[in-house]
Amino acid sequence: MSTTSQEQEIDLSQIGKSISKAFQNIINKFFDLLFFIQKKIIIVVLLFIFGLGLGFFLDKQPNYTSDIVVIPNFGSNEYLYNKVNLISLKLKEKDVAFFKAIGISNINDFNSIEIKPINGIYNFINSESQKENFEFIKLMAEDGDVEKIIKDDLTSKNYYLHNINIKTTRSYQKKDLVEPILNYLQQTKYFTKLGKVYQSNLIEKMAANKLLITQIDQILSNLTQNKTTGGVMISENSGLSELIQKKDGLTYENQMLSIHKLEYDKVIKDQTISLNQINTKGLNYKMKIILPFLFVALFLVGYWFSQVYKKQKQRIQS
């Protein structure tokens, strides 16, 4: 027992010494760094001031972002993505002639354009094709992760809302950048003709619904007066409730059609436009904080590496 106890005491003593030695090494390294900085204080201060000045200069270069939330109508989702991707490609190619043709005279400060869906799985399932869309989601989810399916291009491109993000290095007026892009997105003969058919069908459907609602109102009026309609008495327990439900359904449908009527005036309907927001994401407007410390850190790492390199070189030569 005494031998085991002594061995445990020795082990604990060695562990304590190791911890104490490691802690002392950390303190030594810290003060080595502190004394080195004190020794090279002029270089460190100059690097810090240079980084600060460069950071302020870079932060003065503005970065703006503009967002256009759009609704692709008449099944034009794929068309919308292809058009925006084409603009992005032409921008990378610096195709000045293309942009002048669509009404944008200056692209020097036009950095990028991209489109992303605004997550709207609920609206996707509850759209006019809700049954087909819901079955589609169920079918795809059987063999995969629902989260991945929601973000999948095949699904997300068919969402109701989409965001076109534009990045520039100066503020643009709406007429100089956003309006030409929106006008360019409308330039499609097929979807323009299809839109007219949609609008015509919508007006006819609303008129038919209104007529049915009027007829249902007349039937309900007769029922409340305990009269027959066309020689047939409708039971209060069955026919009355069904008629009320039918009227509610037609009223709701006409409300939705009225909203669509407002949206169907364009192939790609702009819902909201946010212009020239200062972009503070990522490293934007943070360079005056990052660069001074980055330059000093690079100097210290570079000096440490040069010392290690010299020692390793001497080791190899010896």
For this session: Give Gln187, Gln218 a once-over and let me know the one that is at pLDDT 85 or above, part of a loop (DSSP other than H, G, I, E, B) and out of contact with any Phe, Trp or Tyr (no Cβ under 7 Å at 6 or more places or on another chain).
Result: Gln187
For this session: Filter region 153-199 for residues that are hydroxyl-bearing (Ser, Thr, Tyr) and open to solvent by less than 50 Å² (accessible area, probe 1.4 Å) and give the result.
Result: Thr155, Ser156, Tyr159, Thr168, Thr169, Tyr172, Tyr184, Thr188
Problem set entry | Subset of region 57-78 (residues that are within 19 Å of the chain's Cα centre (by Cα) and open to solvent by less than 40 Å² (accessible area, probe 1.4 Å)) | Thr65, Ser66, Asp67, Ile68, Val69, Val70, Ile71, Pro72, Asn77
Exercise. Consider Lys281 against the criteria (1) at pLDDT below 85; (2) of a type in the set (Lys, Arg); (3) over 30 Å from Tyr159 (Cβ atoms): it satisfies all of them except one. Which criterion is unmet?
Worked result: (3)
Exercise. How do the pairs read when you match residues in region 86-113 that are part of a strand (DSSP E or B) with residues anywhere that are among the charged types (D, E, K, R) and surrounded by 13 or more Cβ atoms within 10 Å (Cβ to Cβ), using Cβ under 8 Å and keeping only pairs 6 or more apart or on different chains?
Worked result: Asn111/Lys167; Ser112/Lys167; Ile113/Lys167
Exercise. Filtering region 100-111 down to residues that are surrounded by 13 or more Cβ atoms within 10 Å (Cβ to Cβ) and of a type in the set (S, T, N, Q), which residue is farthest from Asn183 (Cα to Cα)?
Worked result: Asn111
Exercise. Tell me, which residue of region 38-56 that is at pLDDT below 80 and either open to solvent by 100 Å² or more (accessible area, probe 1.4 Å) or touching a Lys or Arg at 6+ places or on another chain (Cβ under 9 Å) (or both) is farthest from Gly302 (Cα to Cα)?
Worked result: Phe56
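The values are calculated or read from the model by the stated rules, or taken from the named source; none is laboratory data. Predicted model, so just to flag it, every value in this text is computed and none were measured. Neighbour counts are summed over all protein chains in view; Cβ atoms, including those assigned to glycine, are modelled from backbone coordinates with ideal geometry. Areas reflect the complete protein model, heavy atoms only, side chains present, ligands, DNA and RNA absent. Shrake-Rupley method; radii C 1.70, N 1.55, O 1.52, S 1.80 Å.
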